[in-house]
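Report on the following structure.
What follows is calculated from the coordinates using simple rules that are stated; it is not laboratory data. Just so we're clear, the structure is a prediction, and the values are computed from it rather than from any experiment. Positions of Cβ are generated from backbone atoms using ideal geometry, with glycine treated the same way; all protein chains shown enter the neighbour counts.
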């Protein structure tokens, strides 16, 4: 991940409703949620939520898939892992293994900043 992509991802998260939607989708994992369900859960109008979800998708933080008549959104663990890794890649004075427990606690299976 480069700095431009990182700024785009952080910018997408730098809004209260989008951050709430992102955190909700993190808790749901691969299962995800329908756009309408997300909007209801967060008490956000559907058209506003659609805009927020588009921004998060464009930033590479969430994915969407069609299931019947619904669009299901889920966390993009790869994009999220890349963002966290980029933020922490220079941590601990060149000893990234020190930061690995932080990443692993958030994203199990990621054992190093460049995973």
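Rounded to the nearest 500, the 222 nm mean residue ellipticity of the chain from helices alone is -16500 deg cm²/dmol, with -39,500 (n - 2.57) taken per DSSP H run of at least 4 residues. From a point 7 Å beyond the Cα of residue 34 in the direction of its Cβ, which residues of segment 62-85 have a backbone N at a distance under 15 Å? Flagged as within label range: 65-74. In terms of the Cα gyration tensor, with a ≥ b ≥ c the square roots of its eigenvalues, is the chain rounded because a/c is under 1.5, prolate because a/b exceeds b/c, or oblate? Taking the square roots of the gyration eigenvalues as a ≥ b ≥ c, the chain is prolate. Here the simple spin-label model places points 7 Å from the Cα toward Cβ, and for residue 19 and residue 91 these points are separated by 1.8 nm. Here the simple spin-label model places points 7 Å from the Cα toward Cβ, and for residue 67 and residue 5 these points are separated by 2.8 nm. Considering every alpha-carbon pair of segment 19-85, the percent of pairs per 10 Å bin, from zero through the bin containing the longest distance, is 23, 60, 16, 1.
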